[in-house]
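Novice: Structure in structure tokens, see below.
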Amino acid sequence: MLTLFRRTGIAAAVAASALALTVVSPASPAQAASKGVRIITVQYDSPGADRRSNESLNAEWVLIKNTGKKARKIGGFTLSDETGYTYTFKKRTLKPGQTIRVRTGKGEDAKANKYWGRGWYVWNNDGDTAYLLNAKGGTVDTCEWDGGDTQQSC
């Protein structure tokens with residue numbers, strides 16, 4: 001009887017320890033990103049020939065979404081590529097589920113679309129990385145690709 005108690009006591013302790021480790025384990029980067037502001041898609045190769053028309057430049061974009069359950073302030077956040085081209089968000093709050101698309105070319109900013117105002121493309125068709133940083137410079141999310149298509153889902 002004592003041997004059975006010891007075995008079941010040890011098994012219970014092992015099970016409790018495993019449960020405690022599972023509960024207190026930190027979230028993976030993917031889990032953490034899924035609770036806030038994320039890069040959803042990068043359209044890095046605009047359709048047709050790259051002729052630097054504003055229409056072509058604006059067909060190159062990054063879609064960002066608040067995937068969390070709370071509104072998130074993104075004023076001061078930056079979106080940049082590996083070269084260092086950087087777009088800075090003005091004062092703005094994204095509600096849960098809300099998206100914002102940052103287009104490379106020129107246009108009139110609206111709630112769902114922001115314009116970088118560039119006269120040349122940002123995202124490299126043969127591979128690049130999009131970096132979304134918070135106002136303090138901390139990484140919020142990244143998305144990278146090696147080319148071969150026109151867009152990358154992140």
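Novice: Quick test for you: out of 75, 84, pick the one residue that is of a type outside the set (S, T, N, Q), in a loop (DSSP other than H, G, I, E, B) and touching a residue at least 24 places away in the same chain (Cβ under 8 Å).
Specialist: Values: 84 fails: touching a residue at least 24 places away in the same chain (Cβ under 8 Å).
Result of the check over 75, 84: 75.
Novice: Do we find a residue being in a loop (DSSP other than H, G, I, E, B) and loosely packed, with under 15 Cβ neighbours inside 10 Å anywhere in the stretch 59-68? Let's see the steps before the verdict.
Specialist: Here is the first cut: in the stretch 59-68, the residues in a loop (DSSP other than H, G, I, E, B) are 59-60, 67-68.
Now drop any that are not loosely packed, with under 15 Cβ neighbours inside 10 Å, which leaves none.
The answer is no; no qualifying residue exists.
Novice: So, residue 121, is that one among the aromatic types (Phe, Trp, Tyr) and assigned to a loop (DSSP other than H, G, I, E, B) or not? Give the derivation first.
Specialist: On the way: among the aromatic types (Phe, Trp, Tyr): yes; assigned to a loop (DSSP other than H, G, I, E, B): yes.
Yes.
Novice: If you take the residues of the stretch 113-148 that are farther than 17 Å from residue 42 by Cβ and surrounded by 13 or more Cβ atoms within 10 Å (Cβ to Cβ), which of them is farthest from the chain's Cα centre (by Cα)?
Specialist: Selected residue: 117.
Novice: Scan (1) among the charged types (D, E, K, R); (2) in a helix (DSSP H, G or I); (3) touching a Ser or Thr at 6+ places or on another chain (Cβ under 7 Å) for the single condition residue 45 breaks and write down its number.
Specialist: Result: residue 45 passes all but (2).
Novice: Kindly indicate which of 57, 133 is free of Cβ contacts under 8 Å to residues at least 60 places away in the same chain, at negative phi, among the aliphatic types (A, V, I, L, M) and touching a strand residue (DSSP E or B) at 6+ places or on another chain (Cβ under 9 Å). Even if it seems obvious, please write down each step before you answer.
Specialist: Details: 57 fails: free of Cβ contacts under 8 Å to residues at least 60 places away in the same chain.
None of the others qualify; the one that does is 133.
Novice: Might you let me know whether the stretch 104-112 holds any residue that is of a type in the set (Val, Ile, Thr), more than 13 Å from the chain's Cα centre (by Cα) and not in a loop (DSSP other than H, G, I, E, B)?
Specialist: no
Each value in this text was obtained by applying a stated rule to the coordinates, not by laboratory testing. Because the structure is predicted, anything quoted here is derived from the model rather than measured. For neighbour counting, all protein chains shown are included, and Cβ atoms are generated from backbone atoms with ideal geometry for every residue, glycine included.
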